[in-house]
1. In segment 514-763, with Lys and Arg counted as +1 and Asp and Glu as -1 at Cβ, which of these residues, Ile700, Val757, Leu645, has the Cα nearest the positive end of the dipole, that is, farthest along it?
2. Would you list, by chain and number, the aspartates and glutamates whose Cα falls below 16 Å from the Cα of Lys107, excluding same-chain residues fewer than 8 positions away?
3. Order the peptides 443-454, 413-424, 728-739 from the highest to the lowest mean number of other Cβ atoms within 10 Å of their residues.
4. Scattering from the C-alpha atoms of the chain alone, worked out with Debye: what is log10 I(q)/I(0) at q = 0.05, 0.09 1/Å?
5. Hey, what did the chain get for relative contact order, percent, Cα under 8 Å, at least 6 apart?
6. Only Lys, Arg, Asp and Glu count, each charged at its Cβ (+1, +1, -1, -1), so figure out the dipole size of segment 3-111 about its Cα centre, rounded to 20 debye.
7. Helix 730-739 against the longest principal axis of the chain: what's the angle in degrees, Cα atoms only, rounded to the nearest 10?
8. Which peptide among 571-577, 26-32 comes first, and what is the full order, when sorted by highest mean count of other Cβ atoms within 10 Å?
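The values are calculated or read from the model by the stated rules, or taken from the named source; none is laboratory data. Since the structure is predicted, the reported quantities are computational estimates derived from the model, not experimental observations. Because the Cβ atoms are built from the backbone with ideal geometry, glycine has one as well, and the counts that use them run over all protein chains shown. Heavy atoms of the whole protein, side chains included, go into the accessibility calculation; ligands, DNA and RNA do not. Shrake-Rupley method; radii C 1.70, N 1.55, O 1.52, S 1.80 Å.
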Amino acid sequence: MAFQQTYFDFKNRTEDINASISSIIDSNKASASRAVYLMDPNLAEQIVKGLSLFEYFSYVALVDDRGETMFEIVREELRYINPVLSLVAPNYTEYSVDVGEGNFSGKLILQANNHVALKEVYQRAIRTFSISLLGYMLLSLALVLLYHNSLAVPLTRLAKRLQRVNTSSITEQSIAHIKGHESNEFSLIVDSANDLLNRIASGQLLLTQRSQRFRLILDTAPLLIFAIDNDGLFAFANKSTAAFYGYSIFDLKGKNAEKVIKKIDADLNQKILLFMNSEQRQLDLTCPMINASQQTTIHEVSLVKFHTFDGQSLLAVCNDVTKRIEAEAQIEALAYKDPLTNLPNRNRLFDILKEAKPIQDTDKYDVAILADLDQFKRINDTLSHSVGDILIVELCDELVNQFSSTGVVGRLGADEFLYFRENLSNDFEVAKIMATEIAEKIRLCINKDIKLSMHSYSLSASIGVVVFRRGEHSADLILQYADTAMYESKKRGRNCVTMFKDEMAMQAAKLLELERDITKAMQDDEFCFVLQPIYDSTSSEIVSAEALIRWQKGDETISPDSFIPFLEESSLIIEVGDIMLDKVCAFLAKVQSAGLLKDDFRIAVNISGKQFSDERFLERVIGTLRKHQVAGHHLEMEITESVALENLAETIDKIHELKKLKISFSLDDFGTGYSSLSHLKDLPVDKLKIDRSFINDISIDKQDENLVRSIIQLSNNLGLTTVAEGVETQQQLNWLCSTGHMLIQGYLFSRPLSPDVFYSQFFSDE
Ligand code: C2E
Ligand code: CA
Ligand code: CA
């Protein structure tokens with residue numbers, strides 16, 4: 001405004017001055033022209049002086065036609081240059097006006113000081129600006145006051161209220177509205193701040209809940225979890241850790257970790273220190289840890305370094321794995337130790353024998369000695385399994401005492417033990433001699449009487465010995481060889497030692513082949529039987545026959561001695577026995593259907609142990625008799641002493657069941673076993689067959705004669721019929737007949753005959 005006003009004022013004044021100068025010039029022009037024309041200096045002076053009276057002319061001059069100044073006036077006081085005002089307007093304006101007439105023309109020269117001419121304008125401008133400035137100052141003051149009251153004061157109050165907010169508190173807090181500002185932008189700010197506070201409060205609440213939950217998890221975890229800060233102090237420890245070190249959580253926090261741990265577990269402390277000083281970021285280890293009660297437990301410890309704002313800290317997580325390790329040890333023990341004797345078991349022994357390595361000429365020979373207790377099943381059956389177990393434990397103690405310092409004593413199975421000893425000698429023959437000596441010692445050790453309460457028991461074992469070099473054979477093969485040698489000992493009459501020979505391996509291979517052959521023989525129906533008649537010694541009449549198995553392999557007829565023991569070892573004997581029973585019944589049925597079967601004629605069938613003790617034996621016998629419609633009294637079963645006494649009570653029950661079918665029984669090979677007489681009398685058998693080995697010797701050996709005599713006596717006393725088998729000579733027959741009535745079987749009367757020959761010989765129509 002002030003500028004605009006001043007500008008217009010300036011403009012108007014300038015125009016005024018120009019107009020007034022024009023009119024001054026106009027009014028003096030005539031007289032100036034005259035003065036020039038007349039060359040009148042006085043007039044010129046008069047005119048110039050007159051003009052110089054005007055307040056703003058700083059120079060006035062009248063110049064004649066020759067250009068000479070007729071008169072001039074210079075007002076020095078107006079001839080200055082104002083550099084500031086010259087920015088507004090030029091300091092001077094010069095006017096040069098032509099005056100005179102024709103050849104007598106000159107010039108009137110005027111110089112106006114613009115600033116003097118504009119003096120009033122300037123004064124008015126100063127006034128206007130001053131007033132404006134004052135106005136502005138007043139306005140500013142008013143604005144400052146307004147700002148102070150309506151902004152600064154409430155803002156300061158708001159700031160103070162915000163400062164008073166407790167940031168560590170999680171309860172909801174709010175800021176009061178500022179008085180007088182309840183509905184303006186301040187109230188908006190307060191509302192927003194309160195909203196923010198609310199959100200902070202709920203955020204903090206959530207955080208607290210989360211941290212409580214986290215704490216709860218850590219405290220209920222069975223792990224020891226703790227952190228050690230840069231200064232070596234417990235920065236954090238969960239409940240388990242605190243309890244482990246005998247503190248409360250509160251007390252443990254901030255304690256010097258090294259002191260706490262070192263005091264009771266210097267070892268762990270050392271491990272932590274080593275780790276902290278290492279380059280490793282993380283370390284997992286399994287180590288024992290000692291707690292405040294001095295109990296040691298095994299922990300899986302995980303140590304992790306982590307950075308906090310003030311340096312490096314350590315987090316430790318320790319998991320107590322004592323139980324797991326114990327369980328693993330137990331599992332390991334179960335897997336590798338025999339639970340009864342605590343000796344290495346089959347698995348462990350296998351591992352020991354397995355340790356394969358390339359053989360070198362300098363390698364010494366090792367030995368594996370397998371001892372299988374003789375007839376231990378009988379001890380179990382007659383004396384109970386618990387007594388059997390005690391005997392085993394006692395025996396093992398003795399074996400360990402005597403032999404474990406030089407080798408490994410282990411239990412392979414129920415009544416099978418293995419002794420393994422390394423580096424006997426690098427001479428095979430020497431090693432074999434040494435091995436046999438050791439095996440003999442083991443045999444004698446097993447023979448030693450074992451005293452249990454009032455009784456004393458003596459055991460024996462069949463022993464197989466294998467001498468070998470490490471890596472020469474697989475563990476499987478070593479055990480197979482030991483087994484083969486051990487069976488050889490069984491065959492040789494038990495309680496003896498047999499050194500394994502390569503031929504035995506061949507024999508074992510043969511057995512394998514035999515098994516294949518037998519399976520095939522059964523499929524191809526190659527098993528058949530022959531019948532050997534049995535005669536009454538008094539009447540010389542045939543009373544019965546014994547069915548004897550034969551293997552008809554093409555043209556070759558194979559005797560049972562070469563395959564029955566094998567069949568008996570495997571379970572094939574059950575099936576083959578069934579085949580025999582079926583064939584014999586079929587033969588009886590054939591005779592019966594021809595109407596030639598006498599009521600008192602019977603055929604004796606040999607029944608082996610496995611077959612007899614098979615739980616479905618009775619069922620199958622009934623089935624076979626029924627199938628062929630043959631009555632039980634035509635059938636006799638021959639069982640050996642060992643079969644009969646194996647499980648006496650069960651045998652007696654079974655015989656009774658079969659006797660209900662009228663099947664009769666004879667005790668085969670009598671005299672070769674160890675049957676105690678007390679048991680014999682309990683056996684419901686009908687006949688007693690004296691083994692042919694005794695009959696063979698009666699005419700040669702007086703002792704055998706006496707033995708046979710007492711067997712006959714015993715048989716008579718028990719009310720049994722005596723059968724003498726293997727009678728080959730008249731002499732033997734005479735001697736037997738002299739002892740009394742009995743039945744006779746032997747080559748003297750007849751060799752075993754094929755069923756067809758037997759049929760035509762004894763059942764022909766004539
Ligand atoms: P064993 O039960 O003692 O059978 C009698 C054996 O003596 C038969 O031999 C028979 O041929 C033979 N023998 C009979 N009289 C004389 C004689 O005067 N002198 C001589 N030296 N021997 C005579 P075999 O047939 O070789 O049978 C041998 C053994 O095989 C039998 O002995 C028996 O234990 C077993 N066996 C035979 N057949 C069967 C069968 O079907 N099942 C079962 N489990 N075993 C059988
Ligand atoms: Ca027999
Ligand atoms: Ca016999």
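1. Projecting each Cα onto the dipole axis, the largest value belongs to Val757.
2. The qualifying aspartates and glutamates are Asp26, Asp40, Glu45, Asp64, Asp65, Glu68, Glu72, Glu94, Asp98.
3. So the order, starting with the most tightly packed, is 413-424, 728-739, 443-454.
4. Normalising to I(0) and taking log10 leaves -0.60, -1.02.
5. This gives 6 percent for the chain.
6. 160
7. The angle comes out near 90 degrees.
8. Top to bottom by mean Cβ count within 10 Å: 571-577, 26-32.
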